[in-house]
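*Asks:* Mind having a look at this structure? Questions to follow.
The values are calculated or read from the model by the stated rules, or taken from the named source; none is laboratory data. Model, not experiment: these values are computed from the prediction. Neighbour counts run over all protein chains shown; Cβ positions are idealised from the backbone, glycine included. Ligands, DNA and RNA are stripped out before the accessible areas are found, and what is left, the full protein with its side chains, is counted by its heavy atoms. Shrake-Rupley method; radii C 1.70, N 1.55, O 1.52, S 1.80 Å.
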Amino acid sequence: MTQKNRIGGGLIDQNRSVQFNFDGRLFEGYEGDTLASALLANDVKLVGRSFKYHRPRGIFSAGSEEPSALVTLREGAYSEPNARATVTEIYDGLSARSQNKFGSLNFDLMAINDLLSPLLTAGFYYKTFMWPAVFWEKVYEPIIRQAAGLGKLSGAEDPDRYNKGFLYCDLLVIGTGPSGLMAALTAARAGLRVIVADEDFRMGGRLNAERYEVGEMPAADWAAATLAEFMSMDNVRVMSRTTIFGAYDHGIYGALERVSDHVAEGSGDVRQIAWRIYTKRAILAAGSTERSIAFGNNDRPGVMMAGSVRAYVNRWGVAPGKRVAIFTNNDDGWQTAYDLQGQGVEVSAIVDSREQTTLLPPKGVRVVLGGRIVDTKGRLGLKKIILSDGQDVAADCLAVSGGWSPNVHLTCHQRGIPVWDDKIVGFVPGATLPMGMAVAGAANGVMTLNACLQSGLDAGNSVVEALGRTVSKSKTPKAQDEVSAASAFWYVNESKGRAWLDLQNDITAKDVKLSYQEGFRSVEHLKRYTTIGMATDQGKTSNILGLAVMAEISGKSIAETGTTIFRPPYTPVSIAALAGRSRGKDFRPARLTPSHNWAAEQGAVFVNTGAWRRAQWFPKEGETHWRQSVNREVLATRASVGICDVSTLGKIDIQGKDATDFINRVYANAFAKLAIGKTRYGLMLREDGLVMDDGTTARLSEHHYLMTTTTANAVSVFRHLEFCHQCLWPNLDVQLISATEQFAQIAVAGPNSRKLLEKIIDPEYDISNDAFAFMACGDITVCGGIKSRLFRISFSGELAYEIAVPTRYGDSLMRVLMDAGDEFDVTPYGTEALGVMRIEKGHAAGNELNGQTTALNLGLGKIVSRKKDCIGNILSLREEMVRNDGLRLVGFKPVDPAMSLNAGSHFIGVGAEAKTSNDQGWMSSVTYSPNLETSIGLGFIKSGDQRMGEKVRAVDLVNNKSVEVEITSPHFFDPEGGRLRV
Amino acid sequence: MRYSVLSLLKEAFNGNKGWKPAWRDPEPQAEYDVIIVGGGGHGLATAYYLAREFGINRVAVLEKGWIGSGNVGRNTTIIRSNYLLDGNQPFYEQSLKLWEGLEQDFNYNAMVSQRGIINLYHSDPQRDAFVRRANSMRLSGADAEILNQNTIREMCPFLDFDNARFPIQGGLIQRRGGTVRHDAVAWGYARGADQRGVDILQNCEVTDFIIENGVCSGVETNRGSIRANKVGVAVAGSSGRVMAQAGMRLPIETHVLQAFVSEGLKPVLPGVITFGAGHFYVSQSDKGGLVFGGDIDGYNSYAQRGNLPVVEDVCESGMAIMPMIGRSKLLRMWGGVMDMSMDGSPIIDKTPIDGLYLNAGWCYGGFKATPASGWCFAHLLAKDEPHKTATKYRLDRFKRGAMVDERGAGAQPNLH
Amino acid sequence: MIINHPLLGPRDATEFSYLGDASLMHRPEWQSDDAENQFYEYQYLRDNKAGIHRELWYHEQGDRSWLVVTRNTLTHEISSVELASDVARREGRSR
């Protein structure tokens, strides 16, 4: 194992060897290496295949903009597709695999696409695969989909854990190059709470990649010293491996911290943290990204960005080639030659597109001014370059510099539009920035070192001043401004070979030309038609070239051509990180009833009702089907007594001098004259006249009511009442508070319910039928002084009560009732039995109160008062809502009592065809009634109230079922309600 | 020129030099029979069907930016007709049928891919509601099946069946549902309309309506005034703003909806899948990206961008049903503006101003409606009466109390 | 987004739920001659402004205040936050 291209030096620890595996081969690198630098050190050039033509791809950059070197990391469920080798830290045992190949990386069978490229132009698929129509899903698309995508998901659940977190600061500094560090330094020294974030694991930005001096020491050392100072300050939080991926409203930033991606899986730490950072100010100091030049076959492995070549040499001590040529349109490209030569790497030529320069050529290096590279050779890796004059130059690495583009991305996240700057030949941030954001350094078009330091200092001091602190007098450390003349040269027109703009999606200059030719000329059409800029780098390496080619063809400037804007995220963010812990069983919190533990002890089966988990039924030994348990619970309740935890119902405590008036306005039925100590059914409408909710409200004293709501609407009804109070009638003297979680409420139902309660209620309270009649309510005590409330209300249709105690007594109350009820064979029942009994009684519930029904639909039209101002009564009178032939809630019984019914069936006339025009309504709730010994249903049917006894079909096409049913009253059981009042 | 395998081959040998612009770039004429304001999917489809079905080709489509720049260019590409109410179901079924023949009709491959849509359910009441809906679909002639948990497990073994907060009980599948390459819909309609004589005018912004004595006779634009017998507005997202120029207030609020796409992955999802205990819908594009979305942000906005809470909510829901996607990466998110109507259903109707017609209120489900919306709006513009599948989409339905409210959420647009 | 609650200071918008245009506070008089039409316009029609928008937010996961927030729908910038009950009283909604 030798690292052929390791030249030494740099910021890695050559004493710490790291073993890793790529495509099954074992390699060695050093601590501080990225996968890319280590592969280059081992002379691995070919690392992947492109998306469309499966062209060989190598390492193109040294940063997060990498479009080509995408690999799959790790194994099995830990596999991560599309990881960029250039930002992947190696660790002992890391395994990485190349992607998007059929066969081997060297001989990719799909590379045949490349031969078909004249056919597979931009947008070719819009023009074919249309005949015959059925072939798309059966033939064409499966083939296209087989070829789609880059990496592969394992298909297994992501085994890692992820956290979310919230941070607050005065100033967030994004990027730790010279301007970012300087801005943070001055702000930190002024006492601001500062967060400094950088995506890299070694902070310092280009200071780590160049051979600069800052403050009379190597730039990387100055960066390290500055960071060390931050680490010693309580008011600074330093976050490496942290990408600020999005700028959101009001100074909130999204950040992804990669906590343990650089160590072996199973480390015990969370993998990543998605932070929301709340800032007063932010300084974007994200630097700039080098861009390429388009020329024939400029996509071969070995063709790299010049600044990245420099980074590999200077930071990682790796020579990306034995013999490196340079192609540049600006001064900065030359620096690469100096640095390479300084490290003893052969530079075979500098090809500068400009006709002249004052720069001094490095010794012994061939310089071609006004030069053009028209082609390259080397099937799986660069061997030589061909110049426009036909000469060739041997090179296994070509360092290309097309100039630097400011990293304006986050300035666009609130739809700011970058503006073209001729001086730096690139887009700089536009005038409209996200609230509180300033931009410093190269991100703002400041392209030289000393100016960047100054820009950072100024930006930092502006924040210090704006936040009312004293600006320190300290100056920037000593540094030079390097030469940086840039020129606009984008594309070698005389190239015969295809000139690649987007290396991942395989977009060529010809594709842009075709796009123009076919009328897709706006930048957005160009992007969509060719897919340029839609690769995983989101156009960081390709957009500007596409725009330049489009500008050239259309005879406009790039400024006139315009630009697409960047959207979040800055770099891709794993979906699991954004989900954090909210997955699996913890996706959403579960609300448990006060008697939950007791029910669990009984072996109850639980069901989700919204956020609640409720006992659905209580199976007994020997019961093999849920229906047996439910029938038993229903029959036992109707025969003797059953108990059920109904604490999930919403409870709203309403007090105040105007409480009566208030309740009378929010309910549609009359409530002005409810007697103290009585409870009444209440029907609540939305302002649009449809039913919002129903429940009971008890008048506990002159100015004190307790309202109940359905479980599902507890939150929305309370919100609505607060709206009515605060926004509509602010001067009503009324106070509302939600008491849902303060009380445990247990229904005690059945002929023996009074006898059971009398055993636990303290003797001074008389609950005989005379003293405590149907719909009575009042404060009582139970079990020797426990305050509670008793309501004689019934959902089951039996003599029944609901008893409420403070929540902490709920569990005991259930146990006490069970013990006391032993002599009556008291039976706990769950939501299923509750549902059976309410259908037997014809009470509407969630399936009927679905937001689409009116009081009239529900058969409750008569109780809506027309004599008062209440929410919803005006709009409930609209013409289409009061039609005589509208839907009415009625009961349904199968003509053959042995037949079962299905909810969701539609009603069709007997003998009529099952089609929409014959649709008369639908079945909302069904059950088997153990009392009636037949299935019964509730449903809505046109003019149902006038059609008693009529027969229709309940048609359930999706379950191949059609049952003849008879329209009946919805009150199947004890329609006179005699059982309630005994 | 006609697109075909032959034309592709011919051009391949010809260096692709012969391809012509997909549509012309004409100068505005002084007058048209019909002006369509809005060069999105619905506007372009309307122009196409006006010319193709109703023989009206003195038509201009006015687009303030570039065609397809609105929601047809930014959506999660789902097509389906799994609706409940009889005001909606036949309309969306008509749309689905039009999708099925669309590519051959306008000679453009929009990659209509009917790989199915599954709506998962997680509770008994939800199952009941789905059965009701599935039966509505079947009654109107659409396909629908209710699948049990085992069948879903076979089709989608990667869903979380064993550790879920809201276990999957089953699903409603519409096998004819699927996805379409959204941009291509705009381009295909544009090209088809252009070939039939329609003028597509890009960078032509309407600044006012010409209304005299209650009659609309054209529009003012940044490229001059253009007269027309009839003006149809199809600018979903901006309907409130545009119709305010005609002095109208609408039963619509503008809200932002975000959508998301992951990096390209080898195929893992069979079709469209939606979550029933959270808001999440996902499919996988032919390029390999997971395309997904969830709730609107929930507040009025024209800003075309959203915020983090919804991003996180959507990813949480995604992880809750398919935890294998955790290690894929979110590549891009964007926000579009939606016409959120007061009952969640659209408006295709005349306005109180003669000669001015409105197509609006698509909430965030307008993409799948594109063909039927264009067809029905063209029908209305051509014949001055609603098409039979769009009779419930009247502007006065709120006044009459004839809302078409699939969700039962009432007059609060952000709940639809 | 962050809403600067007049009583509680800056709070993340996720603590609130949103209702819509603050005109929903202007509930018509039920006994007026064209009450049905007034209620229809009140309930269904919106200015839907692109720009400064007065709107109702409810501090559901907080103190249960309804707030009138003035926010620019083009930029999301919030220029004022008031208690809805104060606004309602100021506008003369006495009872």
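*Asks:* Checking the structure you have, find out if any residue of the range B:198-207 is open to solvent by 50 Å² or more (accessible area, probe 1.4 Å) and either in contact with a Pro (Cβ under 8 Å, 6 or more places away or on another chain) or within 13 Å of chain A (Cβ to nearest Cβ) (or both).
*Replies:* Checking the range B:198-207: at least one residue is open to solvent by 50 Å² or more (accessible area, probe 1.4 Å) and either in contact with a Pro (Cβ under 8 Å, 6 or more places away or on another chain) or within 13 Å of chain A (Cβ to nearest Cβ) (or both).
*Asks:* Still on this model: Quick check on my filter: what residues within the range B:73-97 are open to solvent by 10 Å² or more (accessible area, probe 1.4 Å), farther than 30 Å from residue B:262 by Cβ and more than 11 Å from chain A (Cβ to nearest Cβ)?
*Replies:* Matches in the range B:73-97: B:94, B:97.
*Asks:* Give the residues of the range A:600-621 that are in a loop (DSSP other than H, G, I, E, B), away from chain B (no Cβ under 12 Å) and open to solvent by less than 70 Å² (accessible area, probe 1.4 Å), sorted by residue number.
*Replies:* Passing the criteria: A:603, A:604, A:618, A:619.
*Asks:* Still on this structure: Looking at B:3, B:49, which is the one that is open to solvent by less than 10 Å² (accessible area, probe 1.4 Å) and within 29 Å of residue B:403 (Cβ to Cβ)?
*Replies:* Checking each option against the conditions leaves just B:49.
*Asks:* Something else: Look through C:36, C:82, C:15, C:91 and report the one residue that is open to solvent by 70 Å² or more (accessible area, probe 1.4 Å), more than 7 Å from every other protein chain (Cβ to nearest Cβ) and among the acidic types (Asp, Glu).
*Replies:* After ruling out the rest, the residue left standing is C:91.
*Asks:* Turning to a different aspect of this structure: Name every residue in the range A:250-287 that is touching a Gly at 6+ places or on another chain (Cβ under 8 Å), crowded, with 19+ Cβ neighbours inside 10 Å and either part of a loop (DSSP other than H, G, I, E, B) or among the small types (Gly, Ala, Ser) (or both), in order of residue number.
*Replies:* A:251, A:254, A:274, A:282, A:285, A:286, A:287
Residues are listed down the side, and each one gets a yes or a no for (1) more than 30 Å from residue B:163 (Cβ to Cβ); (2) part of a strand (DSSP E or B); (3) touching an Asp or Glu at 6+ places or on another chain (Cβ under 8 Å):
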{"position": "B:331", "(1), (2), (3)": "no, yes, yes"}
{"position": "B:335", "(1), (2), (3)": "yes, yes, yes"}
{"position": "B:359", "(1), (2), (3)": "yes, yes, no"}
{"position": "B:368", "(1), (2), (3)": "yes, no, no"}
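*Asks:* Let me ask you something else. Within the range B:228-271, how many residues are open to solvent by 30 Å² or more (accessible area, probe 1.4 Å), under 28 Å from residue B:378 (Cβ atoms) and of a type outside the set (A, V, I, L, M, F, W, C)?
*Replies:* Total satisfying the criteria: 6.
*Asks:* Of these, B:134, B:142, B:186, B:190, which one is touching a residue at least 12 places away in the same chain (Cβ under 8 Å), facing another protein chain (nearest Cβ under 8 Å) and out of contact with any Pro (no Cβ under 7 Å at 6 or more places or on another chain)?
*Replies:* After applying the criteria, what remains is B:134.
*Asks:* Could you please find all residues in the range C:21-51 being outside any loop (DSSP other than H, G, I, E, B) and not aromatic (Phe, Trp, Tyr)?
*Replies:* Scanning the range C:21-51 gives C:21, C:22, C:23, C:24, C:25, C:35, C:36, C:37, C:38, C:41, C:43, C:46.
*Asks:* Here's another thing I want to ask about it. Can you list the strands (runs of 3 or more DSSP E) found entirely within the range A:869-974 that contain at least 1 residues being within 14 Å of chain B (Cβ to nearest Cβ) and of a type in the set (Asp, Glu)?
*Replies:* Strands (runs of 3 or more DSSP E) meeting the threshold: A:951-956.
*Asks:* Right, next: Just the residues that are in a loop (DSSP other than H, G, I, E, B) and either in the same structural domain as residue A:612 (by TED's automatic domain parsing) or farther than 12 Å from residue A:697 by Cα (or both), please, taken from the range A:650-668.
*Replies:* A:656, A:657, A:658, A:668
For every residue, the table says whether it meets (1) open to solvent by 10 Å² or more (accessible area, probe 1.4 Å); (2) outside the structural domain of residue A:201 (by TED's automatic domain parsing); (3) over 25 Å from residue A:289 (Cβ atoms); (4) touching a residue at least 40 places away in the same chain (Cβ under 8 Å).
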{"position": "A:25", "(1), (2), (3), (4)": "yes, yes, yes, no"}
{"position": "A:33", "(1), (2), (3), (4)": "no, yes, no, yes"}
{"position": "A:38", "(1), (2), (3), (4)": "no, yes, no, yes"}
{"position": "A:50", "(1), (2), (3), (4)": "no, yes, no, yes"}
{"position": "A:54", "(1), (2), (3), (4)": "no, yes, yes, yes"}
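*Asks:* Then there is this: Have a look at B:80, B:132, B:127, B:58 and point out the one that is at pLDDT 95 or above, closer than 30 Å to residue B:225 by Cβ, of a type outside the set (S, T, N, Q) and in contact with a Phe, Trp or Tyr (Cβ under 9 Å, 6 or more places away or on another chain).
*Replies:* After applying the criteria, what remains is B:58.
*Asks:* If a residue counts only when it is within 14 Å of chain B (Cβ to nearest Cβ) and at pLDDT 95 or above, which strands (runs of 3 or more DSSP E) contained entirely in the range A:1-117 have at least 1 such residues?
*Replies:* A:70-73, A:80-84, A:94-98
*Asks:* Can you name the residue in the range B:6-33 that is in contact with a Phe, Trp or Tyr (Cβ under 9 Å, 6 or more places away or on another chain) and within 17 Å of residue B:200 (Cβ to Cβ) and is also surrounded by the fewest Cβ atoms within 10 Å (Cβ to Cβ) among such residues?
*Replies:* Result: B:21.
*Asks:* Could you please let me know if residue A:165 is surrounded by fewer than 18 Cβ atoms within 10 Å (Cβ to Cβ), closer than 30 Å to residue C:2 by Cα, within 14 Å of chain B (Cβ to nearest Cβ) and touching a Phe, Trp or Tyr at 6+ places or on another chain (Cβ under 8 Å)?
*Replies:* yes
*Asks:* For residues in the range B:172-204 being touching a strand residue (DSSP E or B) at 6+ places or on another chain (Cβ under 7 Å) and in a loop (DSSP other than H, G, I, E, B), which is nearest to residue A:141 (Cα to Cα)?
*Replies:* B:180
*Asks:* Answer yes or no: is there a residue in the range A:161-180 that is of a type outside the set (D, E, K, R) and over 31 Å from the mean Cα position of the chain (by Cα).
*Replies:* There is at least one residue in the range A:161-180 that is of a type outside the set (D, E, K, R) and over 31 Å from the mean Cα position of the chain (by Cα).
*Asks:* Is it the case that the range A:722-744 has a residue that's within 30 Å of residue A:639 (Cβ to Cβ), at pLDDT 95 or above, in contact with a Cys (Cβ under 8 Å, 6 or more places away or on another chain) and open to solvent by less than 10 Å² (accessible area, probe 1.4 Å)?
*Replies:* no
*Asks:* Looking only at residues that are free of Cβ contacts under 8 Å to residues at least 60 places away in the same chain and over 27 Å from residue B:93 (Cβ atoms) in the range A:904-942, which one is surrounded by the fewest Cβ atoms within 10 Å (Cβ to Cβ)?
*Replies:* So the residue we want is A:933.
*Asks:* Considering every residue within the range A:584-599, establish whether at least one is more than 12 Å from every other protein chain (Cβ to nearest Cβ), touching a Pro at 6+ places or on another chain (Cβ under 8 Å) and not β-branched (Val, Ile, Thr).
*Replies:* yes
*Asks:* Restricting attention to the range B:102-122, which residues are open to solvent by 30 Å² or more (accessible area, probe 1.4 Å) and facing chain A (nearest Cβ under 7 Å)?
*Replies:* Once the filter is applied, which keeps residues that are open to solvent by 30 Å² or more (accessible area, probe 1.4 Å) and facing chain A (nearest Cβ under 7 Å), the range B:102-122 yields B:104, B:114, B:115.
This table checks each residue for (1) within 14 Å of chain C (Cβ to nearest Cβ); (2) closer than 24 Å to residue C:68 by Cα; (3) touching a residue at least 60 places away in the same chain (Cβ under 8 Å).
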position	(1), (2), (3)
A:664	yes, no, yes
A:688	yes, yes, yes
A:696	no, no, yes
A:702	no, no, no
A:736	yes, yes, yes
A:743	no, no, yes
A:746	no, no, yes
A:764	no, no, no
A:769	no, no, yes
